[in-house]
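Chemist: One structure is given below, represented as structure tokens, and several questions about it will come after.
All of the numbers you see were taken from the coordinates with simple rules; none came from a lab. All figures in this text were calculated on a predicted structure; none of them were measured in a lab. Glycine gets a Cβ as well: all are built from the backbone with ideal geometry, and neighbour counts include every protein chain shown.
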Amino acid sequence: MRNGKREIFMKAIRGEATERPSIACVNQTGTYEQMEALGVKWPDANFDADLMARLAIGAHTILDFDAVRVPFCQTIEEEALGCGVLIGDDKNLPSIATHPYDIGMTPHFPEDFLDRGRVKVLCKALKKVKEEVGGEVAVMGGVIGPFTIVGELIGINDFLIATLKNPKMLHEFLRVATKAATQLARALLDAGADAICIEDMLASMDMISPAKYKELAWPWEEELTSRISSAPVILHICGRVNPIIKHMIATGATALSFEPKTDVTAVKQAIKEEGKQVGIIGGIATMEDLFFGDPEKAKSSALRAAEEGYNVIAPGCSIPPGTTTETLRAMLLRETEMLGG
């Protein structure tokens, strides 16, 4: 008996053999064409649980991916911790407008964290997604990595300066951020999530050095992963992650997601050397293959990703919302195509 879409994704993120590579996106999945087809748009779909769920399910019903996820934006934890948020519009996601802390202040973790901001909206949306399509596709909950949360609590420029000049002053902020991400992840698992994706965008080698990653980002990613290890955990970091790949493996994450600028052969070798079984996610360039690409470009990149051994063929980061449905569906490979038939 052949595995269904949900089973293929869950096996793939564990690095297990599957009859075909899984096809999904572990980051933002909303597009303008899906919004039009489903009759739901931003910003409403970022603030209303029913609308958030409806748009998320489009990754299954319209794109035909093996998994769906919420949320679309990257502001949930930060808002609940006191950041001001711009709500966005029909073309743009919510963004951080104000930062509640300066370096030298003592961060506060609110005991009512799960009742603040849009946390309950997100959990309700995930529960609805699970009830409607959880038997067919995998359902992911997304949380932000501690390093990135702290960047928004302080302000990215001041934060990056502090990583160089006052790193010890960041430890209490990182502890608070880890607690927030842990509580949200556990709430999403309680709501029915099959897996959690941790997005730690600021931990990219485009932003910090490998040494700073190992000092300030990795220990807290490891702690967060250990606290939610009852379910598979996907760790996503933007950019070329080869210099930090062994530490990413050492977080204990079930699967790693990264952009195709990373040398995937070296990733597979590092996994082998560490004696681990870790799923590899990505292979599709979000701008070149998707937004500026076309169906033929997306298809050829998906075929290459399959040949390179990605367990889950996916965009290397969030889907640009202007990407066409036709281009995204071109990632769906038939077995005859993978075999050269």
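Chemist: Go through the range 216-274 residue by residue and tally those that are touching a Ser or Thr at 6+ places or on another chain (Cβ under 7 Å) and part of a loop (DSSP other than H, G, I, E, B).
Modeler: Total meeting the criteria: 10.
Chemist: Let me ask something else. If you go through the range 146-153 one residue at a time, do you hit one that is touching a Pro at 6+ places or on another chain (Cβ under 9 Å), surrounded by 16 or more Cβ atoms within 10 Å (Cβ to Cβ) and of a type in the set (A, V, I, L, M, F, W, C)?
Modeler: yes
Chemist: Return the residue satisfying two criteria in turn: it lies in the range 103-147 and is assigned to a loop (DSSP other than H, G, I, E, B) and aliphatic (A, V, I, L, M), and of such residues it is farthest from A12 (Cα to Cα).
Modeler: Only one residue fits best here, namely M105.
Chemist: Then there is this: Would you point out which residue out of A177, A211 is surrounded by fewer than 18 Cβ atoms within 10 Å (Cβ to Cβ), among the hydrophobic types (A, V, I, L, M, F, W, C) and part of a helix (DSSP H, G or I)?
Modeler: From the options A177, A211, the qualifying one is A211.
Chemist: Among the residues of the range 55-102, write down those that are of a type in the set (A, V, I, L, M, F, W, C) and assigned to a helix (DSSP H, G or I).
Modeler: Once the filter is applied, which keeps residues that are of a type in the set (A, V, I, L, M, F, W, C) and assigned to a helix (DSSP H, G or I), the range 55-102 yields L55, A56, I57, A59, I76, A80.
Chemist: Where the second residue is of a type in the set (G, A, S) and in a helix (DSSP H, G or I) and the first is over 28 Å from V85 (Cα atoms) and touching a residue at least 12 places away in the same chain (Cβ under 8 Å) and lies in the range 47-69, which pairs have Cβ atoms under 7 Å and are six or more apart or on separate chains?
Modeler: Hits for this filter: I62/A37; F65/A59.
Chemist: Separate question: Mind listing whichever residues of the range 58-78 are under 15 Å from V139 (Cα atoms), acidic (D, E) and touching a strand residue (DSSP E or B) at 6+ places or on another chain (Cβ under 7 Å)?
Modeler: Matches in the range 58-78: D66 only.
Chemist: Name every residue in the range 95-123 that is crowded, with 18+ Cβ neighbours inside 10 Å and either small (G, A, S) or touching a residue at least 60 places away in the same chain (Cβ under 8 Å) (or both), in order of residue number.
Modeler: Answer for the range 95-123, where residues must be crowded, with 18+ Cβ neighbours inside 10 Å and either small (G, A, S) or touching a residue at least 60 places away in the same chain (Cβ under 8 Å) (or both): Y101, P107, F113, G117, R118, V119, V121, L122, C123.
Chemist: Still on this structure, I have one more. Please give the number of the condition P43 fails out of (1) under 19 Å from the mean Cα position of the chain (by Cα); (2) more than 22 Å from G316 (Cα to Cα).
Modeler: Looking at each condition in turn, P43 falls short on (1).
Chemist: Here are the criteria: (1) out of contact with any strand residue (DSSP E or B) (no Cβ under 7 Å at 6 or more places or on another chain); (2) under 17 Å from P210 (Cβ atoms). Tell me which single one G252 does not satisfy.
Modeler: Checking G252 against (1) out of contact with any strand residue (DSSP E or B) (no Cβ under 7 Å at 6 or more places or on another chain); (2) under 17 Å from P210 (Cβ atoms), the one that fails is (2).
Chemist: Restricting to the range 277-322, name every residue that is surrounded by 15 or more Cβ atoms within 10 Å (Cβ to Cβ) and under 15 Å from T254 (Cα atoms).
Modeler: Passing the criteria: V278, G279, I280, I281, G282, Y310, N311, V312.
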